[in-house]
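**Student:** Here it is, the structure in full.
The values are calculated or read from the model by the stated rules, or taken from the named source; none is laboratory data. A quick note: this is a predicted structure, and the numbers were derived from the prediction, not measured. With ideal geometry, Cβ positions are generated from the backbone for all residues, glycine too; neighbour counts draw on all protein chains shown. Protein only, heavy atoms only, side chains kept; ligands, DNA and RNA dropped before computing areas. Shrake-Rupley method; radii C 1.70, N 1.55, O 1.52, S 1.80 Å.
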Amino acid sequence: MEYFGGQITKLIEQLSRLPGVGAKTAQRLAFHIISMPEEQTEILSKAIVDAKRNTHYCTKCHTLTDGDLCFICKNPKRDSSTIMVVENPRDMAAYERTQKYKGLYHVLHGAISPMLGIGPSEIKLKELIQRFQNEDIKEVIISTSSTLEGETTAMYISKLLKPIGMKVTRIASGVPVGGDIEYIDEVTLLRALEGRTEI
Ligand code: ZN
């Protein structure tokens with residue numbers, strides 16, 4: 001790719017490091033960026049740097065936000081007695097797209113995986129337990145994926161919360177086994193949520 005010159009090659013290389021971007025797409029994006037008006041490229045690069053610099057975890061649910069609390073935790077219309085536990089912010093976004101779930105969330109940022117050496121202390125489980133001290137929670141809906149890791153995590157949380165008398169439910173099996181929640185359509189997600197069972 002050297003025939004494009006060092007600067008363009010560098011841009012193509014950086015873009016191709018992004019997930020889902022192959023060499024051809026990276027090249028197309030790079031040429032598109034170069035053809036953009038300069039002020040637009042500045043807006044783009046500033047948006048990347050600002051988002052990176054100012055994004056952190058919501059102090060309550062641990063999703064990504066640029067404020068102290070995220071928009072969902074801040075919204076007084078949400079039902080704060082229900083918490084849905086998800087593996088990552090993308091899964092949370094998938095449930096938000098259904099526009100039917102009105103409770104709050106808790107983002108674990110991963111799942112327990114003995115194979116990968118990810119234990120309970122490596123995900124935001126301690127933070128979930130801490131929420132029971134400050135919040136009036138009546139139900140915890142576990143919406144981790146149907147993978148081995150997701151199921152292990154669901155069982156672990158259930159065992160942790162049952163002794164304190166918490167109602168713990170698991171989303172129904174509308175979600176295919178091994179399926180990534182973020183790629184599942186809204187109707188299937190809703191069906192899974194509505195058909196949740198106590199565990
Ligand atoms: Zn939040």
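**Student:** Need the list of lysines near Lys138 for cross-linking: C-alpha distance under 24 angstrom, and skip anything on the same chain fewer than eight residues off.
**Tutor:** Lys60, Lys74, Lys77, Lys100, Lys102, Lys124, Lys126, Lys159, Lys162, Lys167
**Student:** Now a separate question. Working with all protein chains in place, sort Ser45, Ser35 by solvent-accessible area computed with a 1.4 Å probe, largest first.
**Tutor:** Ser35, Ser45
**Student:** How much of the calculated P(r) for the chain lies past 24 Å, in percent of all Cα pairs?
**Tutor:** 51 percent
**Student:** Considering only C-alpha atoms, what is the centroid distance from the stretch 1-31 to the stretch 55-133, in Å?
**Tutor:** Measuring centre to centre over Cα atoms gives 35 Å.
**Student:** Could you give me the ³J(HN,Hα) list for the stretch 34-48, computed from phi with Karplus coefficients 6.51, -1.76, 1.60 and θ = phi - 60°, whole Hz, x at Gly and Pro?
**Tutor:** So the J values, rounded to whole Hz, are 5, 7, 6, x, 4, 5, 6, 5, 5, 4, 4, 5, 5, 4, 5.
**Student:** Show me, bin by bin at 5 Å from 0, the whole-percent P(r) of the stretch 6-54 based on Cα pairs.
**Tutor:** Spelled out bin by bin, the stretch 6-54 gives 5, 21, 23, 27, 19, 4, 0 percent.
**Student:** Now, a different point. Highest mean first, what order results for 77-88, 15-26 on Cβ atoms within 10 Å?
**Tutor:** Taking the mean over residues of other Cβ atoms within 10 Å, the ranking is 77-88, 15-26.
**Student:** Taking H as built 1.01 Å from N, whose amide H comes closer than 5 Å to the amide H of Ile118, not counting residues under 5 places away?
**Tutor:** Ser113
**Student:** Related question: Would you mind telling me the antiparallel percentage of the DSSP bridges in the chain, rounded to 5?
**Tutor:** Around 30 percent of the beta bridges assigned by DSSP in the chain are antiparallel ones.
**Student:** OK, next. If the elastic network links every pair of Cα atoms under 10 Å, which of Arg28, Arg170, Arg53 fluctuates the most in the Gaussian network model of the chain?
**Tutor:** Of Arg28, Arg170, Arg53, the Gaussian network model singles out Arg28 as fluctuating most.
**Student:** Something else now. For His106, enumerate residues with amide H under 5 Å from its amide H, sequence gap 5+ or separate chain, H modeled in the peptide plane.
**Tutor:** Residues meeting the amide H criterion: Met84, Val85, Val86.
**Student:** Amide H of Lys60: which non-local residues (sequence gap of 5 or more, or other chain) have their own amide H closer than 5 Å, using H built in the peptide plane?
**Tutor:** So Lys60 has HN proximity to Cys70.
**Student:** Calculate for the chain the 222 nm mean residue ellipticity that helices alone would give, adding -39,500 (n - 2.57) per DSSP H run of length 4 or more and normalising by residue count, nearest 500 deg cm²/dmol.
**Tutor:** Mean residue ellipticity at 222 nm (helix-derived): -13000 deg cm²/dmol.
**Student:** Obtain the nm distance between the two label points defined at Ser81 and Lys167 by a simple spin-label model: each point lies 7 Å from its Cα along the Cα-to-C-beta direction.
**Tutor:** Reported label-point gap for Ser81 and Lys167 is 0.8 nm.
**Student:** Cβ under 13 Å from Glu151's Cβ, Glu151 left aside: what net charge do those residues give with Lys, Arg +1 and Asp, Glu -1?
**Tutor:** Neighbourhood net charge equals 0.
**Student:** Same structure, new question: Would you mind checking the tilt of helix 6-16 against the longest principal axis of the Cα atoms of the chain, expressed as 0 to 90 degrees and rounded to 10?
**Tutor:** Long axis of 6-16 versus the principal axis of the chain: about 20 degrees.
**Student:** Say we join alpha carbon atoms closer than 10 Å with springs in a Gaussian network model of the chain; which of Ile137, Ile164, Ile118 then has the biggest fluctuation?
**Tutor:** Ile164
**Student:** Would you kindly calculate the translational diffusion coefficient of the stretch 37-106, applying Stokes-Einstein with the Kirkwood radius from alpha carbon pairs, for 25 °C and a viscosity of 0.890 mPa s, and quote it in µm² s⁻¹ without decimals?
**Tutor:** The diffusion coefficient I find is 182 µm²/s.
**Student:** Over the chain, with a Gaussian network built from C-alpha contacts below 10 Å, which listed residue (Leu125, Leu44, Leu148) shows the highest mean-square fluctuation?
**Tutor:** Its mean-square fluctuation being the largest, the pick is Leu44.
**Student:** Per residue, how much accessible surface does the stretch 1-110 expose to a 1.4 Å probe? Answer in Å², no decimals.
**Tutor:** 64 Å²
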